[in-house]
Amino acid sequence: MPPEPLVLGFDTSAAHCAAALLCGDDPVARRHEEMGRGQAERLFPLLEELLSEAGAGWRDLAGIGVGIGPGNFTGVRISVAAARGLALSLGIPAIGVAGFDALAEGQPGPVLASLDARRGLAYLALAGDDRPLDPVLGAPDTVALPAPAGTPCIGHAAETLAARLGSAVRAPADPCAVAIARVAARRLGRRQPRPAPLYVRPADAAPPAEAPPVILP
Amino acid sequence: MLPASDRIHNGARMARTLTLLGLESSCDETAAAVVRQAEGAAPEILASVVEGQAQLHAAFGGVVPEIAARAHAEKLDLCVEAALAEAALDLSDLDAIAVTAGPGLIGGVLAGVMCAKGIAAGAGLPLVGVNHLAGHALTPRLTDGLAFPYLMLLVSGGHAQFLMVRGAERFARLGGTIDDAPGEAFDKTAKLLGLPQPGGPAVEAAAAGGDATRFAFPRPLLDRPGCDLSFSGLKTALMRARDALVTSQGGLHEQDRRDLCAGFQAAVTDVLTEKTRRALAATGDDRPTALAVAGGVAANAGIRARLEQLAADHGVPFVAPPLGLCTDNAAMIAWAGLERFRAGHSDGFDLTARPRWPLDAAAPALVGSGRKGAKA
């Protein structure tokens, strides 16, 4: 039995299935498998392998950190739904961790964090110190930047953004699942909302093009 | 709480009470339910929670898959908690977790499957993947204790098929729609005529004051043998009739709308009745114990009355579950899961969510039979 409470972090918001188990500050086990599809089938077998590698069981967990994106809508939902199910059955908190906060974890100060939004776009947010996030979506070379000049940049579009801000490019301190577990571990004990996906993009839906017929008197 | 010895699932046909939680999220209802059955006794629905999404989709004239998936992902666990509270049970009182694993809108199905995996993993309970259509098809056993085999007409917003139900996992499809589902045709009719969604009740209400003989709408596929159905041509005919009126008068009078609805509903009713007559005839010596219906379209009083008469003419009982169990719900998923589980089946945590999953894999594909195979 591990000496300190275990926190599990996992993420399927991009083309991967990633998970880490944190015991205190120590990542005792972690996995990162690249995959474009199949995360829904792989996630639980991977989590069970991870627990068994650490000699732990589901009941040993004190909390769960789950990546809420932004990223692939379906991928984000796979992990968020799984985390909510686990939280319900284990009676432990599941804590949603935005990709921006995972990137900013372990950095000495605020950073402009960026995540791939496909189609030449990126999700950006000033992150760090658990500040509230106000993400924007845009082309890295033209979008109005939500950070002052000199703010270090991290993540998918870091080089383009750092050139615009005249700042440094930072590398993430931890792999994403480890960072998610660390953020969650720090938030444990504080009242947290249930994890919910951070989509940033609205759902692709348009009202019907055709107006209903006029009803005559 | 059951004795510990009763909780070991070894596939043996031991007499025991089973209690299952079911989750459903394949279209636009988020649902959770608890069903219990002592072997050989009538099953009991201990809780059934259905959280509809109609208002989320109302502005779009149909279910938007991404909007549905977003709602399911944040509602499922709440529905499960509500169902357990309604049943006054803990997860430790359950024997397994059943979940719709397809067919349906994949985003919603995935949310359900992942939530169910999380619950099953954390609670140390077996996971049972359920075919949504099997849920509908087995509902008459939950509500009326029907014995196999029976003939099922499944008519909803997403499906239309005739099934000979021979066992909890044995279905023979006698026919089905080659294009739209009838519920979809009701919804499109409502949309074309400026009536509210869901279209079924709105069109039925309007049709009550209409003249079904004013418009001569087609009865698709009646000229062909067999039990297959088609509704897309009927919808086109309705649109043409509407457009002709709008062109000549600049709009529709309330009576036009009623007559269009009445004509449309009469055509659907005639087609379903005749095809059901053929399906009953096709069962031959393999006499069904009943004609059963399921799906939201079975709530239409006119259709129901004609089918009931048809069953009486054939000397078979007619079984229509209450409306709340005809439309999408999780009690049917818990029940279909219970039947599978009692037979010794469960799934691993690699259970796949399937957008397409025909109940009768041996029957030729009807709809969307591209390289990925039949939808349903």
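The values are calculated or read from the model by the stated rules, or taken from the named source; none is laboratory data. Not measured: the values here are computed from a predicted model. Here the Cβ is made from the backbone with ideal geometry for all residues, glycine too, and neighbour counts use every protein chain on show. Ligands, DNA and RNA are excluded from the accessible area calculation, which covers all protein heavy atoms including side chains. Shrake-Rupley method; radii C 1.70, N 1.55, O 1.52, S 1.80 Å.
Considering only residues that are more than 10 Å from chain A (Cβ to nearest Cβ) and without any contact (Cβ under 8 Å) to a residue 40 or more places away in the chain, which ones fall in the stretch B:234-247? Passing the criteria: B:236, B:237, B:240, B:241, B:244, B:247.
Do we find that residue B:218 is open to solvent by 30 Å² or more (accessible area, probe 1.4 Å) and in contact (Cβ under 8 Å) with a residue 24 or more places away in the chain in this structure? So residue B:218 fits the description; yes. Residue A:48 meets the conditions (1) closer than 22 Å to residue A:121 by Cβ; (2) free of Cβ contacts under 8 Å to residues at least 40 places away in the same chain in every case but one. The failed one is (1). On the stretch given as the stretch B:184-214, residues that are closer than 15 Å to residue B:270 by Cβ and surrounded by fewer than 23 Cβ atoms within 10 Å (Cβ to Cβ) total 2. Name the single residue, out of those in the stretch A:63-119 being in contact with a helix residue (DSSP H, G or I) (Cβ under 7 Å, 6 or more places away or on another chain), of a type outside the set (A, V, I, L, M) and without any contact (Cβ under 8 Å) to a residue 40 or more places away in the chain, that is nearest to residue B:92 (Cα to Cα). In this case the residue turns out to be A:89. Candidates are the residues of the stretch B:276-293 that are small (Gly, Ala, Ser) and at pLDDT below 95; the one that is farthest from residue B:156 (Cα to Cα) is B:284.
Could you tell me whether any residue of the stretch B:77-91 is more than 14 Å from chain A (Cβ to nearest Cβ), more than 22 Å from residue B:40 (Cα to Cα) and assigned to a strand (DSSP E or B)? Within the stretch B:77-91, none of the residues are more than 14 Å from chain A (Cβ to nearest Cβ), more than 22 Å from residue B:40 (Cα to Cα) and assigned to a strand (DSSP E or B). Of all residues in the stretch B:151-187, those being in contact with a Phe, Trp or Tyr (Cβ under 8 Å, 6 or more places away or on another chain) and among the acidic types (Asp, Glu) number 3.
Taking the stretch B:96-126 as the search range and keeping residues that are open to solvent by 10 Å² or more (accessible area, probe 1.4 Å) and assigned to a loop (DSSP other than H, G, I, E, B), which one is nearest to residue A:94 (Cα to Cα)? It comes out as B:124. Among the residues of the stretch B:248-265, those that are within 11 Å of chain A (Cβ to nearest Cβ) and not acidic (Asp, Glu) comprise B:249, B:250, B:251, B:252, B:253, B:255, B:257, B:260.
Taken as a whole, the stretch B:36-47 holds no residue that is open to solvent by 30 Å² or more (accessible area, probe 1.4 Å), within 9 Å of chain A (Cβ to nearest Cβ), at pLDDT 95 or above and touching a Lys or Arg at 6+ places or on another chain (Cβ under 8 Å).
When A:91, A:75, A:67, A:120 are checked against the criterion of being open to solvent by 30 Å² or more (accessible area, probe 1.4 Å) and not assigned by TED's automatic domain parsing to the domain that holds residue A:153, A:91 stands alone in meeting it. Residue pairs whose Cβ atoms lie under 8 Å apart, sitting 6 or more positions apart in sequence or on different chains, and linking a residue in the stretch B:138-160 that is farther than 17 Å from residue B:182 by Cβ to a partner that is of a type in the set (Asp, Glu), are B:138/B:339; B:141/B:339; B:149/B:286. Being buried (at least 20 other Cβ atoms within 10 Å of the Cβ), touching a strand residue (DSSP E or B) at 6+ places or on another chain (Cβ under 8 Å), in a strand (DSSP E or B) and away from chain A (no Cβ under 11 Å), is that true of even one residue in the stretch B:48-68? Checked the stretch B:48-68: at least one residue is buried (at least 20 other Cβ atoms within 10 Å of the Cβ), touching a strand residue (DSSP E or B) at 6+ places or on another chain (Cβ under 8 Å), in a strand (DSSP E or B) and away from chain A (no Cβ under 11 Å). Within the stretch A:191-217, the only residue that satisfies the criterion of being more than 7 Å from chain B (Cβ to nearest Cβ), open to solvent by less than 50 Å² (accessible area, probe 1.4 Å) and either charged (D, E, K, R) or farther than 19 Å from residue B:111 by Cβ (or both) is A:201. Note on the stretch A:59-176: enclosed helices (runs of 4 or more DSSP H) holding 3 or more residues that are within 14 Å of chain B (Cβ to nearest Cβ) are A:73-90.
All of (1) modelled with pLDDT under 90; (2) closer than 17 Å to residue B:151 by Cα hold for residue B:370 with one exception: (2).
Any chance the stretch A:164-171 includes a residue that's under 21 Å from residue A:142 (Cβ atoms), open to solvent by less than 40 Å² (accessible area, probe 1.4 Å), small (Gly, Ala, Ser) and within 20 Å of the chain's Cα centre (by Cα)? Checked against the condition, which is being under 21 Å from residue A:142 (Cβ atoms), open to solvent by less than 40 Å² (accessible area, probe 1.4 Å), small (Gly, Ala, Ser) and within 20 Å of the chain's Cα centre (by Cα), the stretch A:164-171 yields no hits at all.
For residue B:286, are the conditions met, namely being more than 20 Å from residue B:227 (Cβ to Cβ), in a loop (DSSP other than H, G, I, E, B) and of a type in the set (Asp, Glu)? So residue B:286 fails the test. Could you tell me whether any residue of the stretch A:28-43 is closer than 25 Å to residue B:71 by Cβ and more than 10 Å from every other protein chain (Cβ to nearest Cβ)? Checking the stretch A:28-43: at least one residue is closer than 25 Å to residue B:71 by Cβ and more than 10 Å from every other protein chain (Cβ to nearest Cβ). When restricted to residues that are of a type outside the set (Gly, Ala, Ser) and under 16 Å from residue A:73 (Cα atoms), the stretch A:1-42 contains 8. When restricted to residues that are within 15 Å of residue B:70 (Cα to Cα) and out of contact with any Lys or Arg (no Cβ under 9 Å at 6 or more places or on another chain), the stretch A:84-103 contains 0.
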